[in-house]
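The structure under discussion appears below in the form of structure tokens.
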């Protein structure tokens, strides 16, 4: 996986700029590989009551946030794969709150959620290794907006980095 430049602003909707800006293109492969480890280090030692607690002003527990990361890992990688292979079928957006509210995360062990995220990320890294570099500039439509395969890869990493910052704030307050 080799990426030496971030996506250009015409490769994604401005909403995703907050995620893309968090990723150094020269460190993207390392970022993708280290995020599951970092997430595990932050959350695996917390008690069940801590990961099931709702901290104001946040609207999700830490388990729900982890579930959200899992859902988005699947969704953004699906977009990445379809666009990279040239599938021009528009990909609909999602309602993240419906995804989170559809699962009762309370009884699910945090270790299971962290393992699931780690396995998905590993699969996505392997996907990136087999996709031709040239396919990263392919454009498609997701959530009614143009987006490149490369932008989806940066969104994948930046979205997790964004939530890791929030998780750290929550744990340290």
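Residues in the range 16-29 that are modelled with pLDDT of 95 or more and more than 10 Å from residue 157 (Cβ to Cβ): 16, 17, 18, 21.
From the list 53, 72, which residue is assigned to a helix (DSSP H, G or I) and either on the phi < 0 side of the Ramachandran plot or surrounded by 16 or more Cβ atoms within 10 Å (Cβ to Cβ) (or both)?
Working: 53 fails: assigned to a helix (DSSP H, G or I).
The match here is 72.
In the set 82, 121, only one residue is surrounded by 13 or more Cβ atoms within 10 Å (Cβ to Cβ) and touching a residue at least 60 places away in the same chain (Cβ under 8 Å); that residue is 121. Looking at the range 5-45 only, could you name the residues that are surrounded by fewer than 16 Cβ atoms within 10 Å (Cβ to Cβ) and outside any helix (DSSP H, G or I)? Selection gives 5, 8, 13, 21, 24, 44, 45. For residues in the range 94-107 being under 17 Å from the mean Cα position of the chain (by Cα) and surrounded by 11 or more Cβ atoms within 10 Å (Cβ to Cβ), which is farthest from residue 61 (Cα to Cα)? Checked the range 94-107; the qualifying residue farthest from residue 61 (Cα to Cα) is 94. Of the residues contained in the range 116-126, one or more are found to be modelled with pLDDT of 95 or more and over 14 Å from the mean Cα position of the chain (by Cα).
The values are calculated or read from the model by the stated rules, or taken from the named source; none is laboratory data. Quick caveat: nothing in here was measured; it's all calculated off a predicted structure. Note that each Cβ is placed from the backbone with ideal geometry, even for glycine, and that neighbours are counted across all protein chains shown.
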